[in-house]
Amino acid sequence: MKVLWISASFSAMAKEVLFGQKNTHGSGNWIDDEAAALLEGNELEELVIISSRSKQRRIATDHKITYIDLGLGSNVAASRFRLEKLHDAIRVTLKNVSPDIVQVWGTESPVSCVAMQCAREAGISSILCPQGLVASLLHFPNGCVSAREMCGMSALDWLKMPFFNATKRTYRKHALYEAKSIELAEYVLSDNQWTFDYCSCFNPSIRTLWYPLPVNESFTKKRWSFDGCTPHTILSVSPRSSYKGQHVLIRALARVKARYSDVKVCFPAMAEKMRGRVANSLKRTPYNSMLLRLIEQHGLQENVVFLDRLSPNDLAKVMCECNVFVNPSVIESNCMSLREAMWMGMPVISAFTGSIQEYLDNEENGILYRYEEDEILARELERLFESPRKCERLGEHARASMIAFYKDDRQLIDLYREVLCARG
């Protein structure tokens, strides 16, 4: 069996093999774990992983995996000419590799769309694995945060705002690619009904493959305990964009501080950008600047910690030291960071969004709140701080629910076998 994987960007291992860029930081690098698992048996003859990052075509092989950089740069949608070159490059790759299955990781890029088109033209079975659904983000422009809120009186941020809004315009364009990708796909691979329902709206005949995306063993092997954590500390997701909802958490933090003056929240992977130097301020988005203004406005400078980029193992250690994990995102299709915290047995709080309610039951294995209600989030945090026993109970149930969620030991190779058998 030969399998071809296509993605909008390369994984950590691909970057190391192709470009010599050693980068193990991040929350799991699960695509590399999946590739390694596929090669454990003898059924897979070849795995080829392709994307486009640089302007020079590169090919490298490591541990029976062939990585190909198509050499079209990262912005292949910049012109019709580049899209035509992308079509040609993927067609040639399909012809040379002759895969039995084409799997596309992510729906929101022209690479995904073109890959699905080429697979259909070649008569090859195609699987689409959404990493997030852009169509769902369009319901919440910029995370429901206005330009006036983000920029305030800052002339620099108003100058940056057109570039920041380019993200919103890009999402609209990518939603068209996403819809076309789903229309062309034969199968959709996911672990939640929310994603399946979204995809079936675009393609009623699409077939579903149930498969939970793996959690890195750094999180499955470590256990959180109340005795080992620092009370009144919160870990959250990185505030990369306004869709992550960190402004809601900071407002909630200001309310909690009135009762717990020592409360702290930690945000991963943002230390360099959020430091006070002038050079770093140029790298900040208007949303990043808004967060800093909120922190200063509420006197939270000693209560908010921006962490460096952490490896999965280091991030798991930080989780063990924190009291609660909070996911304040306005939309999530998988939210792997939330699952990682639940696997470790942390008490978790999450905005009610996307697929999360499919595996997080309010007051049973975690807490749910409405995205915009910082008042409710604050009160839920206070209840957990007040009750170590509740923290332990929710954490134990969270871990048990993740064990149950991942009890199906089927691997990707099993699903590939099913797909090929169905085709005959």
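The numbers here are math on the coordinates, done by the rules we state, and not lab data. None of these values were measured; they are calculated from a predicted model. Glycine also receives a Cβ, built like all others from the backbone with ideal geometry; neighbour counts cover every protein chain displayed.
Below is a table of values for the structure above.
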{"quantity": "Angle between the chain longest axis and helix 80-97 axis [Cα atoms, degrees, rounded to 10]", "calculated": "60 degrees"}
{"quantity": "Residues with amide H under 5 Å from that of residue 208, placed H, sequence gap 5 or more", "calculated": "188"}
{"quantity": "Length released on extending from residue 405 to residue 149, taking residue separation times 0.36 nm less the Cα-Cα span", "calculated": "88.2 nm"}
{"quantity": "P(r) histogram, all alpha-carbon pairs of segment 131-214 included - 5 Å bins from 0, percent", "calculated": "3, 13, 19, 17, 13, 11, 8, 7, 5, 2, 0"}
{"quantity": "Of 403, 90, 206, the one that fluctuates the most in a GNM where the chain has Cα springs shorter than 10 Å", "calculated": "403"}
{"quantity": "Packing-based ranking, highest mean first, of 143-151, 110-118, 297-305, 229-237 given that Cβ atoms within 10 Å are counted", "calculated": "110-118, 229-237, 143-151, 297-305"}
{"quantity": "From phi via Karplus (6.51, -1.76, 1.60), per-residue ³J(HN,Hα) for segment 371-376 in Hz, x at Gly/Pro", "calculated": "3, 7, 8, 5, 4, 6"}
{"quantity": "Karplus-derived HN-Hα couplings along segment 42-57 (A = 6.51, B = -1.76, C = 1.60, θ = phi - 60°), whole Hz, x at Gly and Pro", "calculated": "10, 6, 8, 7, 7, 10, 10, 10, 10, 6, 9, 10, 9, 8, 10, 5"}
{"quantity": "Gyration tensor over alpha-carbon atoms, segment 93-158, equivalent ellipsoid semi-axes in Å", "calculated": "40, 13, 8"}
{"quantity": "Per-selection Kirkwood Rh - the chain (Cα, Å, 1 d.p.)", "calculated": "22.7 Å"}
{"quantity": "Relative contact order for the chain, counting Cα pairs under 8 Å that sit 6 or more residues apart, in percent", "calculated": "15 percent"}
{"quantity": "Entries in 22/317; 221/273; 264/407; 160/273; 160/180; 264/390 that, when Cα-Cα distance is taken, lie over 23 Å", "calculated": "221/273; 264/407; 160/180"}
{"quantity": "Gyration tensor verdict on segment 213-307 (Cα atoms; rounded if a/c is under 1.5, prolate if a/b is larger than b/c, oblate otherwise)", "calculated": "oblate"}
{"quantity": "Under the Debye formula (equal points on every Cα, no solvent term), log10 I(q)/I(0) of segment 345-424 at q = 0.15, 0.22, 0.23, 0.26 Å⁻¹", "calculated": "-0.62, -0.98, -1.04, -1.19"}
{"quantity": "Rounded tilt (10° steps) of 193-202 against the dominant C-alpha axis of the chain", "calculated": "50 degrees"}
{"quantity": "Euclidean distance of C-alpha centroids, segment 86-131 and segment 370-400, integer Å", "calculated": "43 Å"}
{"quantity": "Cα long-axis angle, helix 312-321 against the chain (0 to 90 degrees, to the nearest 10)", "calculated": "20 degrees"}
{"quantity": "Value of relative contact order over segment 321-408, rounded to a whole percent, pairs C-alpha under 8 Å and six or more apart", "calculated": "33 percent"}
{"quantity": "Translational D in µm²/s for segment 28-157 (Stokes-Einstein at 37 °C, 0.692 mPa s, Kirkwood Rh from C-alpha pairs)", "calculated": "191 µm²/s"}
